[in-house]
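One structure below.
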Amino acid sequence: MSAKTGSICPELPPLATSPPLPIIVVNGDKGGVGKSLIARIFAAFLRSAGYLVIGFDCDARNAHLDRYYRSVMPVTRAYLRHTDGWALLLDGWENSPPNAVLLVDMPGNIGDAMEREMHRVHRGVAKLNRDILHVWVIDEEQDSITLLNRVKGFAPPEQTLIVMNGRFGDSPRSFVLWHESELRDELLAAGASETFVPALQIRPRTKIARARCPFDDLSMLTLSVSEQVDFELWWDDVIRAFRPFCVQSGLVQ
């Protein structure tokens with residue numbers, strides 16, 4: 001599968017990875033920290049690399065992954081405030097083809113349930129013979145660090161990526177508390193990765209939001225030259241931000 005006609009995202013060479021492919025869980029616990037944005041970026045990144053991607057949107061109130069991507073890839077809704085929701089999520093993973101990357105957009109304020117269900121998820125993915133890649137999105141505040149510390153065991157450190165969302169600072173240096181934290185030192189020393197994703201300029205961002213376009217298929221939009229340039233420059237930054245982790249995880253070359 002290649003990026004659709006009308007896309008201005010470059011295609012990426014996938015690695016010939018034997019199935020079953022991993023489950024990418026995009027998390028951050030806090031509402032509004034940018035989890036859905038990063039899930040949408042991963043969907044476009046992986047689709048542009050030729051992968052079959054199946055989404056699981058667990059945000060009952062603001063289901064952006066479903067809203068933006070259901071027209072171009074399968075997206076299942078899941079409600080995780082109740083134990084039955086986690087069972088249905090595991091069932092969805094079990095029923096997915098092994099050659100698909102499973103992409104999960106977690107809701108806000110799910111930390112307590114995640115701590116409670118973590119052992120269950122670990123047993124389930126072991127039976128499915130899939131790896132979990134844990135992507136944690138942070139803002140510049142202390143609670144992003146505190147909440148991550150509670151669920152840092154959700155995936156091994158080498159399968160954990162911390163994403164600094166550029167909406168909350170114009171460079172990694174803006175995330176002072178994260179850079180000064182003992183948790184950062186601990187995770188990076190154990191093999192975790194970190195990256196910074198800059199904010200997309202407001203004009204293309206607004207047009208994409210109004211049209212509910214996936215990032216890898218903007219064919220329904222009319223973007224001015226300046227808006228195309230802004231998007232392309234931003235997407236170049238996105239690729240640079242995510243490629244090292246995806247290479248480390250065996251998803252791209």
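Only one residue in Ile54, Ile38 is part of a helix (DSSP H, G or I) and modelled with pLDDT of 95 or more, so which one is that?
After ruling out the rest, the residue left standing is Ile38.
Would you say Ala199 is more than 30 Å from Arg123 (Cα to Cα) and among the small types (Gly, Ala, Ser)?
Values: more than 30 Å from Arg123 (Cα to Cα): yes; among the small types (Gly, Ala, Ser): yes.
So Ala199 passes the test.
In the stretch 200-246, how many are of a type in the set (Ser, Thr, Tyr) and not in a loop (DSSP other than H, G, I, E, B)? Walk me through how you get there before you give the answer.
We begin by selecting, within the stretch 200-246, every residue of a type in the set (Ser, Thr, Tyr); these are 206, 219, 222, 224, 226.
Filter once more, so that each one left must be not in a loop (DSSP other than H, G, I, E, B): 206, 226.
Total satisfying the criteria: 2.
Could you check the stretch 77-105 and list, in sequence order, the residues that are more than 17 Å from His122 (Cα to Cα) and in contact with a Lys or Arg (Cβ under 7 Å, 6 or more places away or on another chain)?
Asp105, the sole residue that qualifies.
Hey, does the stretch 81-88 have a residue that's crowded, with 20+ Cβ neighbours inside 10 Å and of a type in the set (Val, Ile, Thr)? Reasoning before the result, please.
Applying the first criterion (crowded, with 20+ Cβ neighbours inside 10 Å) to the stretch 81-88 yields 86.
Now restrict to residues that are of a type in the set (Val, Ile, Thr): none.
No; the residues of the stretch 81-88 include none that is crowded, with 20+ Cβ neighbours inside 10 Å and of a type in the set (Val, Ile, Thr).
Out of everything in the stretch 150-163 that is in contact with a helix residue (DSSP H, G or I) (Cβ under 6 Å, 6 or more places away or on another chain) and under 13 Å from Leu188 (Cβ atoms), what residue ends up being surrounded by the fewest Cβ atoms within 10 Å (Cβ to Cβ)?
If we take residues in the stretch 150-163 being in contact with a helix residue (DSSP H, G or I) (Cβ under 6 Å, 6 or more places away or on another chain) and under 13 Å from Leu188 (Cβ atoms), then Pro157 is surrounded by the fewest Cβ atoms within 10 Å (Cβ to Cβ).
With respect to Asn109, is the statement that it is more than 20 Å from the chain's Cα centre (by Cα), touching a residue at least 12 places away in the same chain (Cβ under 8 Å) and surrounded by fewer than 20 Cβ atoms within 10 Å (Cβ to Cβ) true? Step through it out loud before you land on a result.
Values: more than 20 Å from the chain's Cα centre (by Cα): no; touching a residue at least 12 places away in the same chain (Cβ under 8 Å): yes; surrounded by fewer than 20 Cβ atoms within 10 Å (Cβ to Cβ): yes.
It is false that Asn109 is more than 20 Å from the chain's Cα centre (by Cα), touching a residue at least 12 places away in the same chain (Cβ under 8 Å) and surrounded by fewer than 20 Cβ atoms within 10 Å (Cβ to Cβ).
Name every residue in the stretch 123-146 that is over 18 Å from Ser249 (Cα atoms) and over 17 Å from the mean Cα position of the chain (by Cα), in order of residue number.
Arg123, Gly124, Lys127, Glu140, Glu141, Gln142, Asp143, Ile145, Thr146
List pairs: first residue in the stretch 219-238 and among the β-branched types (Val, Ile, Thr), second residue outside any loop (DSSP other than H, G, I, E, B) and buried (at least 16 other Cβ atoms within 10 Å of the Cβ) anywhere in the structure, Cβ distance under 8 angstrom, at least six positions apart or on different chains.
Val238/Ile41; Val238/Phe45; Val238/Val197
So which of Arg81, Arg116 ends up being part of a helix (DSSP H, G or I), at pLDDT below 95 and of a type outside the set (A, V, I, L, M, F, W, C)? Break it down stepwise before answering.
Numbers: Arg81 fails: part of a helix (DSSP H, G or I).
It is Arg116.
State whether one or more residues within the stretch 119-131 are touching a residue at least 24 places away in the same chain (Cβ under 8 Å), surrounded by 14 or more Cβ atoms within 10 Å (Cβ to Cβ) and not in a helix (DSSP H, G or I).
yes
Out of everything in the stretch 151-196 that is within 19 Å of the chain's Cα centre (by Cα) and among the charged types (D, E, K, R), what residue ends up being farthest from Glu117 (Cα to Cα)?
Top of the filtered list is Arg167.
Take the stretch 184-211 and flag every residue that is surrounded by 14 or more Cβ atoms within 10 Å (Cβ to Cβ) and among the β-branched types (Val, Ile, Thr).
Thr195, Val197, Ile208
The values are calculated or read from the model by the stated rules, or taken from the named source; none is laboratory data. Quick caveat, the model's predicted, so the values are computed rather than measured. For neighbour counting, all protein chains shown are included, and Cβ atoms are generated from backbone atoms with ideal geometry for every residue, glycine included.
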